[in-house]
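See structure below.
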Amino acid sequence: MITIEQLKDVQLRADNLHRYLNIDEKKMQLAEEEIRTQDPDFWNDAKLAEAQMKKVKSLKSWLEGYEQVRKAVEELNLAYDFYRDEIVTEQEVDTAYNEALNQVEALEMKNMLSAEEDQMPAVLKIVAGAGGTEAQDWADMLMRMYLRYCEKHNYKTTIQNLQEGEEAGIKTVTFNVEGDMAYGYLKSENGVHRLVRVSPYNAQGKRMTSFASVFVVPLIDDSIEIEVNPAGLSWDTFRSSGAGGQNVNKVESGVRLHYKFRNPLTDQDDEIVIENTETRDQPKNRENALRLLRSQLYELELEKRRQAQAKVEAGKKKIEWGSQIRSYVFDDRRVKDHRTNYQTSNVNAVMDGDLDGFIKAYLMEFSN
């Protein structure tokens, strides 16, 4: 049974959210923004109209989130009063408390995502490390884990490129994730993920260690200007692989983009290579590849800003791509994040997409 202190704490945190999020101001702003959408000429400029609709959707999302918090806290207060009148049980009060607490914590976590890019969709890429079939199977398992996470959070996923392994698993996959704060939440997954298990692909049944890299960048749209030098672009085309029969692509619809540029992080000449096989339409695949290129260039600029900020804010931890961020040790029933020390023994739940604990711990420690 919860204590009166726990009840007061949830109420206080809900009241603080009302103030932090400027709920009353957001209500007035939403009314004003919705009036703009009623202009008869609103859709004459589709680009501006879509930007306006995104603004309206964002405001509604914050207000709906707070409304869920308010209702959950009201129901908790009601349950607590009913318990004193012996109308409900202790278990029912605890259930109402857990629901209110979850709603409050979810909105508090969302409030940590204040950067412009946090609001954007994401591009998530998984690349198997060295180790052949074992590493490729691990990359496949990570793909399933993230797709399940997205499914649980009602995110839309679109696979842009998938290269299967020779025997099992995948060599690499790239997919878009669209939904509320997709990049803000998934940015915590950047880095190397390490698997330790007794390998089903090892005849001696030895304990094996495998690695896979996960890269997450914001998926930008046409409203963000990113300069791409046409002189640095070159293209290859190829036939997209299929399962055989009618699924084999008979034309070279797959595209491979090469972009040579000066890397703003290293100040050295660099190259980005992107493959896209999402559709059977080569021009559409080119368009998708260019969008992914612009997203990667945008992420490089963001990382440059983050590094500059880290120099100013000395003492804050800095996350680097390529660092080993998390270990999944199957036979010890343990998944541990090395940046936050958050860990769980429920390996099956994690591999089934339950990443909220890891993401929350990351945001609590590293959000500005």
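Spin-label model, residue 224/residue 19: points 7 Å from Cα along the beta carbon direction are separated by 3.3 nm. Under a model in which nothing but the beta-carbon of Lys, Arg (+1) and Asp, Glu (-1) is charged, the chain shows a dipole of about 1280 debye around its Cα centre.
Remark: spin-label model distance residue 346-residue 84 equals 3.3 nm, labels positioned 7 Å along the Cα→Cβ axis. The length gained by stretching the chain between residue 332 and residue 12 to full extension, at 0.36 nm per residue less their Cα-Cα distance, is 111.2 nm.
Packing order of peptides 253-266, 126-139, highest average first: 126-139, 253-266 (average count of other Cβ atoms within 10 Å over each peptide's residues). In terms of distances greater than 22 angstrom between alpha carbons, the cross-link table entries 47/284; 54/360; 71/156 yield 54/360; 71/156.
Projected label points at residue 54 and residue 116, each 7 Å from Cα along the beta carbon direction, are separated by 1.1 nanometres. Work out the FRET efficiency for residue 130 and residue 164 from their Cβ-Cβ distance, taking R0 = 22 Å, and round it to the nearest 0.05. After rounding, the FRET efficiency stands at 0.80.
Alpha-carbon geometry of the chain: the Rg and the Dmax are 23.6, 76 Å, given in that order. A straight chain from residue 268 to residue 171 at 0.36 nm per residue would run longer than the Cα-Cα distance by 32.1 nm. Working from Cα pairs under 8 Å separated by at least six residues, relative contact order for the chain is 15 percent. With 0.36 nm allotted per residue and the present C-alpha distance subtracted, the residue 31-residue 252 stretch has 74.6 nm of extension available.
Throughout, read-outs are computed from the coordinates displayed, never taken from laboratory work. Because the structure is predicted, anything quoted here is derived from the model rather than measured. Cβ atoms come from the backbone with ideal geometry, glycine included; neighbour counts cover every protein chain shown.
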